[in-house]
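Remarks on the structure that follows.
Just so it is clear, none of the values below were taken in a lab; they were calculated from the coordinates. Note that this is a predicted model, so its numbers are computed, not measured. With ideal geometry, Cβ positions are generated from the backbone for all residues, glycine too; neighbour counts draw on all protein chains shown.
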Amino acid sequence: MNGMDAVPAKVAHVPGVVGLLRGGWGLAAVGALGGLTWAAALRAYMVELAGPSSAFSWWGTFGAILLPGALSGALLAVAWRRGLDGRPSAWFALAPTPLAIAPLLEPGALIALLTTGLGGGAVGVVVIGLLGGVAAGQRGPVWLRIVLGALWVALIVGIALTPALIARHPPSTPRGAWLLILAVGLVMVLSLACIAPFLRRLDLSGSTARG
């Protein structure tokens, strides 16, 4: 392959909605919509775990869950665009952190987390997502990715058990099976999205750079 072959062909301008979605802002908007929907599904799962004690509020539902989901989705969409263009940035590993930080901004939430561990679920979801992203990514030693992948699988199994252990809905029932699929699906989707920051960068010759 010579230098001329390594230069990607210029993509023709596409008008209309498709062209808008192919641009940076359009893709970020799609990512925000996906993240918002993902966060709404996460909130539904939380309702199933908490039962009647679950309460909705403008801050607790929208400020701490839905809006951070939209922001994280937009950032991860941009991360994927950069990664597929051969320009991934590890800084986008911070993209899902609003999901973990926003719930702790509620008065008393941080103290409750430090003293009782309550509220750590959001942090755990983000950690599992990033573990999956690193394990399935292309950066870092292979042995480390294998170890993190094994840890990720163990945590996924733990997530799969939560509907039966916490909500008392075993997977042998329709509701329990739905909850299991919802819980595991949410974490796996986040993990797949988190692969983007850990893709390899392309060098000028068009081959993948190490690391």
request  = May I ask you to derive the FRET efficiency for M188 and A40 from their Cβ-Cβ distance with R0 = 22 Å, giving the value to the nearest 0.05?
outcome  = 0.80
task = Have a look at segment 115-165 and give its Rg and Dmax from the Cα atoms, expressed in angstrom.
result = 12.7, 38
inquiry  = Using only alpha-carbon positions, what ratio does the radius of gyration of segment 16-198 give when scaled by 2.2 N^0.38 Å?
reply    = 1.07
remark   = Length gained if S89 through W178 is fully extended, taking 0.36 nm per residue and subtracting the Cα-Cα distance, is 28.5 nm
Residue list for segment 128-170, given a label point 7 angstrom along the Cα-to-Cβ vector of A50 and an amide N cut-off under 12 Å = none
ask   = Between T97 and L165, what length comes free when the chain is fully extended (0.36 nm per residue of separation minus the Cα-Cα distance, one decimal in nm)?
value = 21.8 nm
